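J.: Below you'll find the structure I mean.
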Amino acid sequence: MKDETAMPRKIIIDTDPGQDDALAILLALASPELQVLGIVAAAGNVPLALTGKNIRKVCELAGRPDIKVFAGCEGPMQGSLFTAEYVHGASGMDGADLPEPTMPIETKHGVDFIIETLMREEAGSVTICTLGPMTNLGTALQKAPEIASRISQVVLMGGGLFEGGNVTPAAEFNIFVDPMAAEIVFASGAPIVMMPLDVTHQVLTTKARVAAIKALATPVSEAVVGWLEFFERFDEAKYGTEGGPLHDPNVIAYLIRPELYSGRLCNVEIETQSALTKGMTVADWWGVTDRQKNATFMRDVDADGFYALLTERLARLQA
Ligand code: RIB
Ligand code: CA
């Protein structure tokens, strides 16, 4: 477990809230091991205008109106935006009714914020956490390829192998929405840690886990429970499980307690052309090719340990 008193790890969060994104942001803001340099809105679960608003609602819920929030790109690097209101609701964060935000959104474009931060901060000192389609990071890398060598790590939620896809049989949503951006990121040479569906499908919002969060009895926990109870209904019906997979907070939990996760360094390529398998993360888990090993593909997680961390940190947020 990371030492809470050590120098905090500098991170940029790129996100498309999304109830699970919201929990990831709360976990990051509740954790002294991390310094959130800024949060960039991505177009994904819902359009950009809503994700930008949702991020600010979450920051204010956490009592952090000081956080710098930026709007990124309106849609994928190629093609049109595919959204997921069918999972997250029209607002993107249905299940809890939070007030309209009063904190501002920055005028600087999120892509420029990513580039300027990486060029300003010491090389290798900033981690990029992507929780949605990787449009903003892909665009930043295309605009300023020199940032790739300055990134400490890209820790992303996306992809899948043994679990297949959740939008098509082959593709997970974040990669499916912008496969070109994902291809750029995976080819960039930046160190990558992937939290694919193979991990997140082991992290289910069971009744006991939701009850433990509900027992915190704070405005934050009330919102979180509302989000979880709304968000899980779709996947419970789809997978027939008790609770649904909680995806994005695994990215943040990895930064705080990496020992909760295990996987292996392997080659991961992105399918960008095929109509049948567009957005597939082709992970060479068994090492049958000699392709460059460009990503740590996480496959196992201590789910109880994850929820113990999440619940303990949410308790620290007394909005
Ligand atoms: O496939 C799950 C991912 O897509 C999560 O990041 C969820 O928030 C959506 O963006
Ligand atoms: Ca997301």
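J.: Give all pairs with beta carbons closer than 9 Å in which a residue from the stretch 1-23 that is of a type in the set (Phe, Trp, Tyr) meets a residue that is assigned to a strand (DSSP E or B) and near ligand 1 (Cβ under 9 Å from one of its atoms); count only pairs at least 6 apart in sequence or on separate chains.
T.: Close Cβ pairs satisfying both conditions: none exist.
J.: So Ala182 fits all but one of (1) among the small types (Gly, Ala, Ser); (2) more than 9 Å from ligand 1 (Cβ to nearest atom); (3) in contact with a Leu (Cβ under 8 Å, 6 or more places away or on another chain); what number is the exception?
T.: (3)
J.: Hey, another quick one. Given the structure, is Asp14 in contact with a helix residue (DSSP H, G or I) (Cβ under 8 Å, 6 or more places away or on another chain), within 15 Å of ligand 1 (Cβ to nearest atom) and over 18 Å from Val167 (Cα atoms)?
T.: yes
J.: Moving on. Given the conditions (1) touching a helix residue (DSSP H, G or I) at 6+ places or on another chain (Cβ under 7 Å); (2) of a type in the set (Gly, Ala, Ser); (3) buried (at least 19 other Cβ atoms within 10 Å of the Cβ), which single one is not true for Gly52?
T.: (1)
J.: When you scan the stretch 251-258, do you find a residue that is among the β-branched types (Val, Ile, Thr), surrounded by fewer than 20 Cβ atoms within 10 Å (Cβ to Cβ) and in contact (Cβ under 8 Å) with a residue 40 or more places away in the chain, even just one?
T.: no
J.: Scan the stretch 208-261 for residues that are away from ligand 1 (no atom under 14 Å from the Cβ), modelled with pLDDT of 95 or more and β-branched (Val, Ile, Thr) and jot them down.
T.: Within the stretch 208-261, Val210, Ile213, Thr218, Val220, Val224, Val225, Ile256 meet the criteria.
J.: Kindly list the number of the only condition in (1) at pLDDT below 95; (2) buried (at least 21 other Cβ atoms within 10 Å of the Cβ) that fails for Phe306.
T.: (1)
J.: While we're on this one: For the stretch 216-319, which helices (runs of 4 or more DSSP H) that fit wholly inside it have 3 or more residues that are among the acidic types (Asp, Glu)?
T.: Answer list for the stretch 216-319: 219-239.
J.: Take the residues in the stretch 142-169 that are surrounded by 19 or more Cβ atoms within 10 Å (Cβ to Cβ) and within 13 Å of ligand 1 (Cβ to nearest atom), then tell me which one is farthest from Tyr239 (Cα to Cα).
T.: By that ranking, first place goes to Val155.
J.: Related question: Looking only at the stretch 116-141, how many residues end up being surrounded by fewer than 19 Cβ atoms within 10 Å (Cβ to Cβ) and closer than 23 Å to Leu48 by Cα?
T.: 1
J.: Mind checking which residues of the stretch 82-118 are out of contact with any helix residue (DSSP H, G or I) (no Cβ under 6 Å at 6 or more places or on another chain), under 21 Å from Ile11 (Cβ atoms) and either within 16 Å of ligand 1 (Cβ to nearest atom) or in a helix (DSSP H, G or I) (or both)?
T.: Asp112, Phe113, Glu116, Thr117
J.: Can you run down the residue pairs with Cβ atoms below 7 Å, 6 or more apart or on separate chains, where the first is in the stretch 64-81 and under 11 Å from Ile105 (Cα atoms) and the partner is among the aromatic types (Phe, Trp, Tyr)?
T.: Phe70/Phe113
J.: Here's something else I'd like to know. Taking the stretch 162-190 as the region of interest, how many residues are without any contact (Cβ under 8 Å) to a residue 60 or more places away in the chain, within 21 Å of Pro249 (Cβ to Cβ) and not charged (D, E, K, R)?
T.: So the answer is 2.
J.: Quick check on my filter: what residues within the stretch 78-104 are within 24 Å of Phe173 (Cβ to Cβ) and away from ligand 2 (no atom under 16 Å from the Cβ)?
T.: Passing the criteria: Gln78, Gly79, Ser80, Ala90, Ala96, Leu98.
J.: Specify the residue that is farthest from ligand 2 (Cβ to nearest atom); the eligible residues are those in the stretch 20-63 that are of a type in the set (S, T, N, Q) and more than 14 Å from Leu310 (Cα to Cα).
T.: First pass over the stretch 20-63, keeping only residues of a type in the set (S, T, N, Q): 31, 35, 45, 51, 54.
Those left that are additionally more than 14 Å from Leu310 (Cα to Cα): 35, 45, 51, 54.
On the way: Gln35: 21, Asn45: 6, Thr51: 9, Asn54: 11 Å.
The residue in question is Gln35.
The values are calculated or read from the model by the stated rules, or taken from the named source; none is laboratory data. Being a predicted model, the structure only gives us computed values, none of them experimental. Note: ideal-geometry Cβ built from the backbone for every residue, glycine included; neighbour counts use all protein chains shown.
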